[in-house]
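> The structure that follows is given in the form of structure tokens.
The values are calculated or read from the model by the stated rules, or taken from the named source; none is laboratory data. No experiment lies behind these values; they were computed from the predicted model shown. Positions of Cβ are generated from backbone atoms using ideal geometry, with glycine treated the same way; all protein chains shown enter the neighbour counts.
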């Protein structure tokens, strides 16, 4: 049975590229993609993945690139570059976030879409992997300009997204309000037959008022904390009185900090794109979140001590939560860390040499493909609710999420012990085994 549409690359060029959206050197995104591909090969060897499935999974099914003009508030026209990468859909519709960031580019989106394929397979969610975004700085745009960019990008993608084909969600630089703009644009351009409330399923992570799910905003953080508490239980460790460093204080980092604080963990260090701060007595995580919401960063928060990056990484704590961007922990940072556990809220924050160093020092890692899978899990719950015209209460969503995260955590731990491999290798290997089962049964058309 055919499980995909033909390979698509779309280019629409209309005016000169604005300097704000010009691409940085591609080295970092290329390295990110190489790290993801290297992990794939490593896990594929563990499960003896057949060569033909390796070949299929080695590249995305579709790579969509659009260049679209936007009328800015000063009267000028600017061109923005957008991407949507559809890696694999053997398990179900493509699924993955959209990030609006100055450094968004093709190889980064390819790497992130690949991770999404394995994340959904590991969690046994009937979705495939996708990712995309727009190369822009959302902080430099007015709300009206941001809405125009979002809607124009949605229109440029056209029928390359859809509630049963490819379902975007929030990521870095995007939020629930922007998902509502995407939904509204899609519903008003999908054709008369497609204009039903069920079309709200075209995106997840929406606001509650417009069809979002209870618990979705904090789902990634909540899933990470479930994994962390299971790890602590295995170690015979109480969380009360423990300390943590959090890198990145956006949606994932701030919610992780607030949830951990309720469990008795003191957040003693926080970092974001503006710098690094410490508070040995522990931050008031809610007040810091309010400060970030008002000012856009941790910069200027009074109850903190500004430190260097090295001082932040070397500050002694029990847990380190990277919840920013990829490629943050190399060998240098791993040598500085004085923690017992790295729990990855971001995608691929630990580089291979960093992981080798952490392993050599006996520091455990909860890998991203497991630890931050709570977001896509609750996105699936939102998609199901929209399709059934249902609304689940917070208790039901959180109960389902807790069960799913703890079940998958145990599967990864068991596989890791049985095969004497790292948790990251185990998580990816289990995902590949799930994909292999489906390819073995469905085969390839014709």
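> Return the residues of segment 353-397 that are in a helix (DSSP H, G or I), closer than 26 Å to residue 318 by Cα and under 19 Å from the mean Cα position of the chain (by Cα); say none if nothing qualifies.
Hits for segment 353-397 are 368, 369, 370, 371, 374, 375.
> Taking the stated definitions as given, is residue 345 assigned to a helix (DSSP H, G or I), touching a residue at least 12 places away in the same chain (Cβ under 8 Å), in contact with a strand residue (DSSP E or B) (Cβ under 9 Å, 6 or more places away or on another chain) and buried (at least 23 other Cβ atoms within 10 Å of the Cβ)? Don't jump to the end; show me each part of the working.
Working: assigned to a helix (DSSP H, G or I): no; touching a residue at least 12 places away in the same chain (Cβ under 8 Å): yes; in contact with a strand residue (DSSP E or B) (Cβ under 9 Å, 6 or more places away or on another chain): yes; buried (at least 23 other Cβ atoms within 10 Å of the Cβ): yes.
In short, no.
> Sort out which residues of segment 95-120 are in a loop (DSSP other than H, G, I, E, B) and closer than 19 Å to residue 154 by Cβ, and write them in order of number.
Correct list: 104 only.
> Answer yes or no: is there a residue in segment 75-85 that is at pLDDT 95 or above and not in a strand (DSSP E or B).
yes
This table checks each residue for (1) at pLDDT below 95; (2) surrounded by 24 or more Cβ atoms within 10 Å (Cβ to Cβ).
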site	(1), (2)
190	yes, no
199	yes, no
214	no, no
221	no, yes
227	no, yes
231	no, no
234	no, no
246	no, yes
250	yes, no
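> Do we find a residue being more than 21 Å from residue 130 (Cβ to Cβ), touching a residue at least 40 places away in the same chain (Cβ under 8 Å) and out of contact with any helix residue (DSSP H, G or I) (no Cβ under 9 Å at 6 or more places or on another chain) anywhere in segment 366-386? Lay out the reasoning, then the answer.
Residues of segment 366-386 more than 21 Å from residue 130 (Cβ to Cβ): 366.
Applying the additional criterion that residues be touching a residue at least 40 places away in the same chain (Cβ under 8 Å) yields 366.
In the following step, the residues that additionally are out of contact with any helix residue (DSSP H, G or I) (no Cβ under 9 Å at 6 or more places or on another chain) were identified as none.
No; the residues of segment 366-386 include none that is more than 21 Å from residue 130 (Cβ to Cβ), touching a residue at least 40 places away in the same chain (Cβ under 8 Å) and out of contact with any helix residue (DSSP H, G or I) (no Cβ under 9 Å at 6 or more places or on another chain).
> Which numbered condition in (1) at pLDDT 95 or above; (2) over 25 Å from residue 416 (Cβ atoms); (3) not in a helix (DSSP H, G or I) is the only one that residue 49 fails?
Unmet for residue 49, out of (1) at pLDDT 95 or above; (2) over 25 Å from residue 416 (Cβ atoms); (3) not in a helix (DSSP H, G or I): (2).
> Oh, and also: Please give the number of the condition residue 126 fails out of (1) outside any helix (DSSP H, G or I); (2) out of contact with any strand residue (DSSP E or B) (no Cβ under 8 Å at 6 or more places or on another chain); (3) at positive phi.
Result: residue 126 passes all but (3).
> Also, I was wondering about something else. Suppose we filter 131, 177 for residues that are out of contact with any helix residue (DSSP H, G or I) (no Cβ under 8 Å at 6 or more places or on another chain), in the same structural domain as residue 80 (by TED's automatic domain parsing) and either crowded, with 24+ Cβ neighbours inside 10 Å or within 28 Å of residue 402 (Cα to Cα) (or both); which single one remains?
177
> Can you list the strands (runs of 3 or more DSSP E) found entirely within segment 217-318 that contain at least 2 residues being under 20 Å from the mean Cα position of the chain (by Cα) and closer than 25 Å to residue 333 by Cβ?
Output list reads 243-247, 266-272.
> Filter segment 353-363 for residues that are surrounded by fewer than 17 Cβ atoms within 10 Å (Cβ to Cβ) and touching a residue at least 60 places away in the same chain (Cβ under 8 Å) and give the result.
359
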